[in-house]
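One structure below.
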Amino acid sequence: MVSNDFSSDSRSNRKKMSSKIVIAGGFGAGKTTLVRSVSEIPPVTTEAIMTEASVGHDDTSVTPDKTTTTVAMDFGRITIDDELVMYMFGTPGQARFWFMWDDLVRGAVVVVDCRRLADSFDAVDYFETSKRIPYIVALNKFEGRLDYTSDQVREALEISPEVPIIDFDARHRMSGGDVLKTLLRYALEHNRASEPVA
């Protein structure tokens, strides 16, 4: 997950690492909300009013009040400590935009709306198939509840046993922060395990 982008901290001799991660998942799962809630800078969001062009592409049956959708990428930043900054890229939920992930991904969070598990299957499959990209699954609690357990979600979406699944509320900064910490820990373990033995 940690990229090769390093910059010197002008206030010390420490090297600061930057990490680029993707916030992925189905349409309306809470990706933009997660970026907004944890970003320490005003996030750049690319939401636009949904038009007739979205008919047949975006299922709003569970979210009838949703009037906007992400049309490019959201962007936010959070400083983890003196040595690490995470840059978050929230991607559109529609599969037609996923070609952009290849140039960005060092780690990923797949946000899942348990009311619509099938909407997250393609995103999970992308990272499961890749295997080189550490990712975790974050179950967004709509109205404070989940319709399925973590084990049920793992089985339904065919998520590998080692991939962490965490539940959270995308609206709350501390909850979103827990998601990013979980990804960071898992990505470090993943990268260590991937290093060749000398």
Would you be able to say whether some residue in segment 20-39 is at pLDDT 60 or above, surrounded by 15 or more Cβ atoms within 10 Å (Cβ to Cβ), at positive phi and not in a loop (DSSP other than H, G, I, E, B)? yes
Going through segment 165-174 one residue at a time, which ones are over 11 Å from Leu139 (Cβ atoms) and free of Cβ contacts under 8 Å to residues at least 40 places away in the same chain? Met174
Selection within segment 69-86 - modelled with pLDDT of 80 or more and either within 11 Å of the chain's Cα centre (by Cα) or more than 21 Å from Tyr186 (Cβ to Cβ) (or both): Asp74, Phe75, Asp82
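The values are calculated or read from the model by the stated rules, or taken from the named source; none is laboratory data. Since the structure is predicted, the reported quantities are computational estimates derived from the model, not experimental observations. So basically every Cβ, Gly included, is an ideal-geometry build from the backbone, and we count neighbours across all protein chains shown.
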